[in-house]
Amino acid sequence: PVRASEKLTIIGEFSDVERQGLIVTVFNAVGQKVYDAEPVNYPIEVEGLQQSGVYVVRIVTGNGDVHQGKVIVE
């Protein structure tokens, strides 16, 4: 879990090909996009999760692989 207003840190090893065009998107519990970015720094830091709840984090790499997980914000 992450506390509201804290940074969510995503640690992953991505190749140079995967990093080119990598997109991180976060959706709230009703499916609304609340964050969308192409990170330039690693590990990836997501800010702006202000409200408690369950969020879905989706990472699409530059070669099209999709990684998805849930995070709980307290």
Please state the Cα pair-distance histogram of the chain with 5 angstrom bins from zero: what percent is in each bin?
4, 16, 30, 25, 15, 8, 2
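If you roll a 1.4 Å probe over the chain with all protein chains in place, what percent of the accessible area is carbon or sulfur?
Details: 2290 of 4940 Å².
Carbon plus sulfur share of accessible area: 46 percent.
At 1.4 Å probe radius, can you tell me the per residue accessible area of the chain in Å²? Write out the running numbers ahead of the final one.
Details: 4940 Å² over 74 residues.
About 67 Å² of surface per residue is accessible.
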Put a dot 7 Å past each Cα toward the Cβ at GLN20 and SER5; how far apart are the dots in nm?
4.1 nm
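If you take every DSSP beta bridge whose two residues both sit in the chain, what share of them, in percent to the nearest 5, is antiparallel?
Details: 20 of 21 bridges.
That works out to approximately 95 percent antiparallel.
Report the local net charge at PRO39: Lys and Arg +1, Asp and Glu -1, summed over other residues whose C-beta lies under 15 Å from its C-beta. Don't skip to the end; give the middle numbers.
Values: positive: LYS7, ARG19, ARG58; negative: GLU13, ASP16, GLU18, ASP36, GLU38, GLU45, GLU47.
Around PRO39, the surrounding residues sum to -4.
Could you give the dipole magnitude of the chain about its Cα centre, charging the beta-carbon of Lys and Arg +1 and that of Asp and Glu -1, in debye to the nearest 20? List each step's numbers first, then the result.
Working: 6 positive and 10 negative charges, 56 e Å.
In total the dipole reaches around 260 debye.
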Cα lying deepest toward the dipole's positive end in the chain, options GLY64, VAL40, ASN28, charges on Cβ
ASN28
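Summing +1 for each Lys or Arg and -1 for each Asp or Glu, what net charge is found among the other residues whose Cβ lies under 14 Å from the Cβ of ASN28?
On the way: positive: LYS33, ARG58, LYS70; negative: ASP36.
Local charge sum for ASN28: +2.
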Once you place label points 7 Å from the Cα toward the Cβ at GLU38 and ASP65, how far apart are they in nm?
2.0 nm
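The values are calculated or read from the model by the stated rules, or taken from the named source; none is laboratory data. Given the structure is predicted, the values throughout are model-derived calculations rather than measurements. Cβ sites come from the backbone with ideal geometry, for glycine too, and all protein chains shown count toward neighbours. Heavy atoms of the whole protein, side chains included, go into the accessibility calculation; ligands, DNA and RNA do not. Shrake-Rupley method; radii C 1.70, N 1.55, O 1.52, S 1.80 Å.
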